[in-house]
Each structure stands twice: as C-alpha cells, then as structure tokens.
C-alpha cells in the first residue's frame, strides 16, 4: 500500500519558478511579433455528412480534450492560472498560451518571462531537484513507466505515482464523457474503442484500447486521447504527456492511400541494411488515413502543431497489428501554403521551385509516419528495446530514421512503378525546403534536431549546393539518393545496436545549427514568414450547440 502522504504532493503544481512575471528583455512590440509568428487559422471542416448522433458526440469529445489540455499544463509547467494572472501584458499572455508555459518551445526553450529559470529537462514529471543518480538509485518497478509521476514523500524520498491516482478526478470526468459519446456511436469499433479508452484512463492499462483503435476503418470520427507521446520528458523520454485530437475522416483521400499498406513487408525487406536490422516484420494491419482536424489539445497543441500521427507507440501493437498513420490534411495545407511555399521562394534555386508541391509535402509527411513502423524496435544484442537503449536521444534518432526512410521509400516506390522519377525529385526538393521550416524549431525539438542532422549529413555528402550569389540551395539528384541510403543505414544500425554513444556522437557533430545555416534562418525570420500556425477552434466555430 502506498503511503497516504503521497497524495499531499500530487496536486501541487509541478514547477514553482515564477518570481516577477513581466516580459524579459522584450518590448510589447517584440512580444507581439512573437505571437504573430504563429499565424492564426480556423480549424474546421465540412460536417454535413455526419449523422445527428455523430454531431452530438463532438461537444462531448471536445470537453474530454479540454481535460487533457488542463492536465498537460500541469505536466509542462504547473498552475496555468497563477502564471497568467501574474502577467499583465496581453501579448505575453498570448505567447504563454501558445507555448504552454514561459519557455519558448521553438527557441530552445528559452525563458521569456522575467524571473523564470531554465525549463527542467524532466518538465513536471519529476521533482525539479531530482538528480539522475538519485533516480537510478530509486528502487521502483514502475519508475520508468510511461504512466507514472515521480514525486517526493514527506521524508524527501522518491515515490512513483500512477497517472490513474495522480489525475484521478480528471480521468474520471474524461472517462464519463467518452462513455457518453460511445452511447451515441453507431459504428461498433468506435464505440468499443471509446469505452476501452475510458477504462484505460482509470487503470493505466492502454493496450486493449490501442488494439481496439487499430480495428477502426470506416469511422467518420476519430479521437486520439490520453497520455501518448514522451517528447515533453527531455530528461529520460520515459513519461507520456496528455493530449487529444478530434478528427473527421476524408474518405476519398484515405482510399487513395490504401494500396501502400500492402507494400510494407516488401519495403521492410528492401531497407539498405544487413538482415539482422530488419528481422522484425511490420504488422500488415497498418492503416493510412486522411483526416481534417477540428480540435487539438495538450501536447500536440504546444508550440509547433503536429500535422501527422503515427500511433499507437506500443511495440506490442506494432508487431501484432502495425500502426495507423493519420495525415491531418487541413493543418498540413495551412503549413504548406503559409510557411513552406514562402520559404522555398526565398531559399530554393529558381529552377527547382517547380518541384515544391503539396503532393510531395503530403507524401513526405505520410511516409515519415509509415517509416516509424520500419526497422526494429528491439536491439539485436540484448540491450533491450531501442527506446530504452537510446534513453533521452531516442526521439531525435527515431525522427531522423523516419525522415530518411520516408524518402528512401519514395525511391523504392519509383522502382516499383508506383511513382515517377519526377515525383522523386519533387519529394527531394520539397524535403529540402522542409528542412528550413523544421530547423527553425531549434535543438529543443526532436524534429528540429533530426532535420539539422539531415542537413549537415547531406551537405557532407554533396547532396545539395548553395549559390553564394543568389543565396539559394539546389539539390543534386544522384548524390541525394546516395546520401539517403547512407544515412538510412547509419540510423538503423545505431538503433539495432542500441548504440547510445554512437548516437550521442552523431548528434553532437550534426544536431545543432552552425553559423552559415543560422544566417539563412535569420533571413527567413526577418522576412516575416510565420514560424508556425495556431488555431481558432471550438464548438462555436463548427456550428455545434
């Protein structure tokens, strides 16, 4: 039985770092510019094809998403209301809400509120004063669980607290909303998933609901909810952060992608690496679908907005059923039109700008998510899972693997006759422009660090050139293709060997922004091109009661 004193500490805001909450070295106009760097877009879609029951489900699911949003605030910072009430400047308050705290997520988590120190690597998942040595010495069977908080007992010792205990009241309220929505669902797999997800929130056992989520194919509505990704835990990458997406399926676009699912086993076997590193068979039950998002909450809404989902993360589900790859078309289109195209006009050689296409952007994103399911999840030398072996480096290497294997897969599809060589060049050039979009996120983002790694590896291999006079970049088709194969082999081998030191060395060499690249990023920033998007969202925007 857990000591009763544990409960005293659970509800306390995880970080108490506010002193005086006035903008730090920023004028009001500077802060307003930071807010404006996130261009506001409306998150909506056509709901006319939904039944009345389905429309009634949406406000219930939005309310459950808002609960996830509240929990994520406590994980990312602490007490949102205390922070916001201490800040008088409206622009600073708006920027705090974009970042879910006083640290600028797309600027290496630099604090922008005076009196706030550096963001703890472990966010609110661990005591701020806990050392790595103290954690390693802590004897607990579930201390590395995705679904526990690490807190201190009254005597100062560490204790592991299950999410179902730490967030008992919030999870109970969310579970009730999911069950109410399930009663309205005519599609049985969706009803099953919602009921099982409700139970998972109360028990911390998410496997059954993850399996049920994999069984959905004909659902108009999808709802991703709960503690899912572990990026927020930059200390160990152990703890899952709360989030939610409410999605409406685009059946026409989804059907276009069905044919790629059957190719996954062949793509796995064709990876440019020794057989030992591709011995696992990806689940053939993988599903690729296209959706319009109508609500984001929590982790996925913090800073840079997610435009594709590859879930579940559980390797048991990957091996047995694969994963589902959900492309968020409306969010993706906003980023392409408002960010990627203007960047390409500034930094890509004029003769290659015709290769910047939405289809290529969509495919690169889609195949990135597919590629998460390729390679292996368990090391080949008894070092456990790749995630455990790579510790805090796991997310950056995994994101790079997905980027590079995604491009590799496009090349394979060209050889299979599924795509043309022009398509491949479109993907290469669009990916190159996308690097500049992502590296603006800085080293605090696993995706940004991954793109830095790609950029410098491609530069080393001569996959692109930079014209000093026009200050633009040009892709070399053949060298890019070769560099992709080489980097794919490198990342897959690092993962399969569980090579922590090798991954650390690679990121130390290439996972940061050097002066020349920074000058081009400065040009982007000075041009007024948005950094990312932010959402105007909610039931009113959707015309719901």
| field | Subset of the stretch 171-192 [touching a residue at least 24 places away in the same chain (Cβ under 8 Å) and closer than 16 Å to residue 219 by Cβ] | value | 178, 181, 184, 185, 186, 187, 189, 190
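Among the listed residues 409, 432, 452, identify the single one that is crowded, with 21+ Cβ neighbours inside 10 Å and under 17 Å from the mean Cα position of the chain (by Cα).
452
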| field | Candidates 225, 290, filtered to the one that is within 23 Å of the chain's Cα centre (by Cα), in contact (Cβ under 8 Å) with a residue 60 or more places away in the chain and outside any loop (DSSP other than H, G, I, E, B) | value | 225
| Among the residues of the stretch 138-194, which ones are assigned to a loop (DSSP other than H, G, I, E, B), buried (at least 17 other Cβ atoms within 10 Å of the Cβ) and in contact with a strand residue (DSSP E or B) (Cβ under 7 Å, 6 or more places away or on another chain)? | 143, 146, 147
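Hey, among 65, 91, which residue is more than 17 Å from residue 225 (Cβ to Cβ) and assigned to a helix (DSSP H, G or I)?
Answer to the selection: 91.
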| Among 211, 216, which is the only one that is at pLDDT below 95, in contact with a helix residue (DSSP H, G or I) (Cβ under 7 Å, 6 or more places away or on another chain), crowded, with 18+ Cβ neighbours inside 10 Å and not assigned by TED's automatic domain parsing to the domain that holds residue 100? | 216
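The values are calculated or read from the model by the stated rules, or taken from the named source; none is laboratory data. Computed from a prediction, not measured in an experiment: that's the story for all the values here. In this analysis, Cβ positions are derived from the backbone assuming ideal geometry, glycine residues included, and neighbour counts consider all displayed protein chains.
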